[in-house]
Amino acid sequence: MATVGFLHTAHAHVRTFRDLLHQRDETVAGLHLVDTGLLAAARARGAASVRDALADRLRRLVAEGAELVLTTCSETGPEAERVGAEVGVRVLRVDRPMAEAAVLAGRRIALVSSLDDAAAALRPLLHESAAATGREVQLVEVRCLDAWPSFESGDLETYSASVADTVRREVRALRPPVDVVVLAQASMIGAAPLLRDLDLPVLTSPRLAVEAVVEMVVPIGR
């Protein structure tokens, strides 16, 4: 059986990714490791400060049977990919498939974040993805910083509603309008269904990332 490892920095992500993996392919097993200290340390001292911890967690997941690791934290994801390459572990950052989809969806992109560091991590990835396809993109940032305490306290319903309210208000006011909305963090997945009235593509990272890792571990034509 193919096995994907998931490295989380919040317990709330376990259920999200477990359910998405089950919906996508019941034959693929998931291993979930949660370390809330990674995000706290990265925010306090920078992502480079958790390199050794990331290497340890990646190796642990591989030792337990993971063929590759999906790191679900947008802030530590770039560092996790670099560390994975150094220690010989296949790592995919959760927002990479979303960034690749976003640049194909349109030139003008609303980049939504509830943490400034998350936006800072995704911004260069969007430009990198655009350059890889010969495109140029314009990023319009939408910040939902007041929403983050609700996620930290475990109130996901309030968090999602707060993100959606801010996005709806600010995106509708943008002139010229944007072509696509990108919710920068996996934590924002609950806001997407609340934004169907925007009549714009609203991209979240979890489902696209799970699609990508399943394709990486399941033989073509199985």
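The values are calculated or read from the model by the stated rules, or taken from the named source; none is laboratory data. Since we're looking at a predicted model, the values are computed, not measured. Don't worry about glycine lacking a Cβ; one is built from the backbone with ideal geometry, like all the others, and counts go over all protein chains shown. Just so you know, the surface numbers come from the protein's heavy atoms only, side chains and all, with ligands and any DNA or RNA stripped out. Shrake-Rupley method; radii C 1.70, N 1.55, O 1.52, S 1.80 Å.
Extension gain Leu174-Ala40, at 0.36 nm per residue separation less the Cα-Cα distance, in nm? Numbers along the way, then the final one.
Numbers: separation 134, 0.36 × 134 = 48.24 nm, distance 3.32 nm.
Full extension from Leu174 to Ala40 adds 44.9 nm.
In a simple Cβ point-charge model (Lys, Arg +1; Asp, Glu -1; nothing else charged), region 25-121 has a dipole of about 300 debye relative to its Cα centre. Relative contact order of region 1-58: 39 percent, from C-alpha pairs under 8 Å at least 6 residues apart in sequence.
Charging the Cβ of each Asp and Glu at -1 and of each Lys and Arg at +1, and nothing else, the dipole of the chain about its Cα centre rounds to 280 debye.
Relative contact order (percent) for the chain, with alpha-carbon contacts under 8 angstrom and 6 or more residues of separation?
Once normalised by length, the contact order is 22 percent.
If R₀ is 25 angstrom, what is the calculated FRET efficiency for the pair Leu104 and Thr3, using the beta carbon separation as r and rounding to 0.05? Walk me through the intermediate numbers first.
Numbers: r = 30 Å, r/R0 = 1.19.
Given R0 = 25 Å and the Cβ-Cβ separation, E is 0.25.
Would you work out the relative contact order for region 102-182, in percent, from Cα pairs under 8 angstrom that are 6 or more residues apart?
Values: 109 pairs, mean separation 35.2, N = 81.
Computed over region 102-182, the figure is 43 percent.
Using alpha-carbon positions, what is the distance between the centroids of region 38-55 and region 78-104, in Å? That distance is 16 Å. Cα centroid separation, region 133-172 to region 181-199: 8 Å. Approximating the spin labels as points 7 Å out from Cα along Cα→Cβ, the Ala53-to-Leu31 distance works out to 2.0 nm.
Histogrammed with a bin width of 10 Å, the alpha carbon distances of the chain distribute as 8, 35, 37, 18, 2, 0 percent, first bin at zero. Rolling a 1.4 angstrom probe over the chain with all protein chains present gives an accessible area of which 49% lies on carbon and sulfur atoms. Per residue, the chain exposes an accessible area of 46 Å² to a 1.4 Å probe, with every protein chain left in place.
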